[in-house]
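The block underneath contains the structure these notes are about, expressed in structure tokens.
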Amino acid sequence: MAEIIGVIEQLWRYPVKSTGGERLDSVEVDDRGLAGDRLYAVRDGAGRLGSGKNTRRFRRMDGLLRLSARLGHRLDGPELLDPLGRPVVDPTAFLRAYLQREDVELAREDAVSHFDQLPVSVLTTATLDWVAEAAPSAVVDVRRFRPNVLLRTPPGTPPFVEDAWFGREAHGSARSGARLAFVRSSERCAMTTAAQPGLPHAPEILKALAQFHDSRLDALAEVAAPGRLAVGDTLALV
């Protein structure tokens, strides 16, 4: 028997990795994740992707979160927006001047995945409300955590309820067809605390997560079946 775990309140897609995203009313979901999500990234001359951290795959590029991107109904190239929300005519030229790096370009995903871990992130309002209580001096906003799905949970739902979903699948409404297989949570880094338009630097958020939940937050999922997700749809565990 299916157990309804919440109603989709917000859907987010991030056309360019590590920049601000676009809020959607509905979106197609395929094996890769939400259509167009992280399909593009800022890539340097060594092939590393612009991020908030340095690893073998990623290169820290401060300032990306002050930019945003949108795809609308097309996947052949995102519209990059500057820190004031104005469309950029030549994304690569703008990025080289903005980041002061001559070796960067806006690039579509090829052999190297743009995802840090798994393709779909689901966050509940119960957990988001807990963060606001645990870090009362911070401006807490869903944009800090960059989920694909913000799920409105019933009153009384405990924070970090997402942990109970690992190893299970959830499906959307009857017309959706989409199924998500929950695997684990995201380990959060300094990007959670970074400043972005309307949100000041907030180190107390990561401190609270580290103290109370091992710096982890959300439920990461693989796509078990393609379909469509829409705001107002329920998600149910099976």
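The values are calculated or read from the model by the stated rules, or taken from the named source; none is laboratory data. Small disclaimer: the values here were computed from a predicted structure and weren't measured. Using ideal geometry, Cβ is built from the backbone for each residue, glycine included, and neighbour counts are taken over all protein chains shown. Each accessible area value is taken on the protein alone, full model and side chains, heavy atoms only, with ligands, DNA and RNA left out. Shrake-Rupley method; radii C 1.70, N 1.55, O 1.52, S 1.80 Å.
Output yes when any residue across the stretch 72-80 is farther than 30 Å from I5 by Cβ, out of contact with any Asp or Glu (no Cβ under 8 Å at 6 or more places or on another chain), open to solvent by less than 40 Å² (accessible area, probe 1.4 Å) and not in a loop (DSSP other than H, G, I, E, B), and no when none is.
yes
Consider F58 against the criteria (1) open to solvent by 30 Å² or more (accessible area, probe 1.4 Å); (2) of a type in the set (F, W, Y); (3) modelled with pLDDT under 95: it satisfies all of them except one. Which criterion is unmet?
For F58, the exception is condition (1).
If you check A93, A46, A97, which single one turns out to be assigned to a helix (DSSP H, G or I) and loosely packed, with under 12 Cβ neighbours inside 10 Å?
Details: A93 fails: loosely packed, with under 12 Cβ neighbours inside 10 Å; A46 fails: assigned to a helix (DSSP H, G or I).
The conditions single out A97.
If you take the residues of the stretch 1-19 that are farther than 19 Å from P119 by Cα and part of a loop (DSSP other than H, G, I, E, B), which of them is nearest to the chain's Cα centre (by Cα)?
Ranking the candidates gives A2 first.
If you scan the stretch 130-146, which residues turn out to be within 30 Å of D30 (Cα to Cα) and without any contact (Cβ under 8 Å) to a residue 60 or more places away in the chain?
Correct list: D141 only.
Quick one: in the stretch 106-119, which of the residues that are open to solvent by 70 Å² or more (accessible area, probe 1.4 Å) and in contact (Cβ under 8 Å) with a residue 24 or more places away in the chain is nearest to the chain's Cα centre (by Cα)?
My answer is Q117.
Just to be sure, is R188 free of Cβ contacts under 8 Å to residues at least 60 places away in the same chain, in contact with a strand residue (DSSP E or B) (Cβ under 7 Å, 6 or more places away or on another chain) and basic (K, R)?
Judged against the criteria, R188 is a match.
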